[in-house]
Each structure stands twice: as C-alpha cells, then as structure tokens.
Amino acid sequence: MRSNLEGKISVVVGGFSKVGQAIVDRLSAERSVVIAVDEGLAVSAEAASLRAIKRHLLEDLTDVHEVQSTLKQIESTYGKIDILVMAVDFRENSFRANEAGKLKSLLIKNVLPVQLFCHFTVPIMKKRKFGRIIIVNSLKYLGAPRSFGYATAKSALFGLTRALALDVVKDGITVNCVVVGELEELVCVANSEREALLKRIPVGKIGSVNDVGYAVRFLASAESGYITGQLLFVCGGEHIHVSMSA
C-alpha cells in the first residue's frame, strides 16, 4: 500500500543523534525524501553510515545565515519542504547551577535552532499551504532533579509549540510536540537505579528510539491534520505521575 508520506520532503534537524536516526529511518521507510541536518561535530561514525539519506552538515545550528542558507538550498533542490522535525537535544549533565555560561549554552543550543529553523521553514511551507512541524522534547521539561538549566530550555519549547501552532494554523501547517521519556538507547544507570526507574513507568519497560520514530511518523502524516498545538507523550505513562494538565 502506498504511504501518504511518499514523495514528501522531510528535514530532520539533529538527524544524526540516536533519536534523530530513528526518525530518519522511519520517514525513509515511508518513502519520504529525508534530508538529515546536524552540526559537523555531532556526527558519529555510526550516523555517517546512514543509508540513502541526504546530509547537510552545519558548523553551527544557531547561526542565522547558515540555517537560512541551508533551507534555501533544500528548497532550491527539491522545490518544497513538507515536514520539519526538530530533534535537537543538547545536554550538560555535570554543570553547576552557578556556572552561568553553561546555563546560557543550554538555552541557546536547545531553543535557538528550533526558533531559527521554524522561522525560515514556515514561509516555504506557506507557499504550498501545507506543512508539518514536529518538535521533539524531553519529559524533563516538567522538572527533574539536577536539570535546572535543561528543564528551563525544554519548557520554552512547550510555549513555542503552542504559539507557533496558532500563528500558522490558517496556512495549512500543524505544529506539535513529541515529549520523550526514558529510552533504552540513552539510559546509562546501575541495575539498582534501573529497578527504581522501571517502577516510575506504568507500562513497566523503558522505551526505544523507534517509539519516537513511530510518533513522529503519525504527526507527519495526513491523518494528523486535525491535530495542532498538542503534546504527544512517548514515555510509557511516566508523565501521569507528574502532570495533571499537560
């Protein structure tokens, strides 16, 4: 059966991270033309072997001119951008709260790329009166120990999603957020800590990056056209313990 993503042009920013790779693979499997964008320093040997994927390496995802130039080049090559997935995730787990430089870095690297790519992609999508923007976020936006700066940055993406959704809804563009909990490929804890972690997750298991790929695929599809400004939690129900309103 033909996929409704066949022939769609998808840009996945942060596409060489483990989560990004899973999204790239899922959209590619649906026959979307996928362009993976990331910073050159962020590309691992594993990511460099991505199959049949167009790649754009930027020196800095927060550089206005570099972002604009990249998106213009993609539009010039493919004539459109249908789907934008922002899978950028910058963490600094060892920072101390009084290290202002690292706090600033967490904000800039997690938020500014999303703002810039959305800002320059929306006009391209408006030309065709169609677009899907999907922002990958972390469950830690709700607050977590030792995540002062990180949670602050991720909370900003919550507001960004809803505000942008309202701004572009009349142009046939939807904007949604996939909120990600613990993932097997990213978890690095001792067995005792793992048991405690599993107790917090109602489904009783840790998720996979593939689960994120499936969620993004749905929000990128034609079937999601009546959904915008929403958060889709991919966390095994963990958010039930911490939020009654999101």
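The values are calculated or read from the model by the stated rules, or taken from the named source; none is laboratory data. Since the model is a prediction, treat every value here as computed from it, not as a measurement. Neighbour counts run over all protein chains shown; Cβ positions are idealised from the backbone, glycine included.
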Number of the exception - ILE135 against (1) of a type in the set (A, V, I, L, M, F, W, C); (2) in contact with a Gly (Cβ under 8 Å, 6 or more places away or on another chain); (3) modelled with pLDDT of 90 or more: (2)
Test: residue in the stretch 180-199 that is surrounded by fewer than 18 Cβ atoms within 10 Å (Cβ to Cβ), of a type in the set (Val, Ile, Thr) and without any contact (Cβ under 8 Å) to a residue 24 or more places away in the chain: yes
Count - residues of the stretch 157-177 that are outside any helix (DSSP H, G or I) and closer than 15 Å to VAL111 by Cα: 1
Every residue from the stretch 1-56 that is in a helix (DSSP H, G or I), at pLDDT below 85, within 16 Å of ALA87 (Cα to Cα) and not aliphatic (A, V, I, L, M): GLY40
Of residues in the stretch 57-87 being polar (S, T, N, Q) and assigned to a helix (DSSP H, G or I), the one farthest from ALA220 (Cα to Cα): SER69
Criterion violated by ARG128 - all others in (1) farther than 21 Å from ARG200 by Cα; (2) out of contact with any strand residue (DSSP E or B) (no Cβ under 6 Å at 6 or more places or on another chain); (3) surrounded by 17 or more Cβ atoms within 10 Å (Cβ to Cβ) satisfied: (3)
Within the stretch 67-79, considering residues that are free of Cβ contacts under 8 Å to residues at least 60 places away in the same chain and crowded, with 16+ Cβ neighbours inside 10 Å, the one farthest from the chain's Cα centre (by Cα): GLU75
Matching residues in the stretch 126-156 - criterion: being in a loop (DSSP other than H, G, I, E, B) and either basic (Lys, Arg) or closer than 20 Å to MET86 by Cβ (or both): LYS127, ARG128, LYS129, PHE130, ARG146, SER147
Breaking point among (1) under 18 Å from VAL88 (Cα atoms); (2) modelled with pLDDT of 95 or more; (3) among the small types (Gly, Ala, Ser), for ALA153: (2)
Residue match in the stretch 91-107 (condition: aromatic (Phe, Trp, Tyr), part of a loop (DSSP other than H, G, I, E, B) and either under 17 Å from the mean Cα position of the chain (by Cα) or modelled with pLDDT of 95 or more (or both)): no
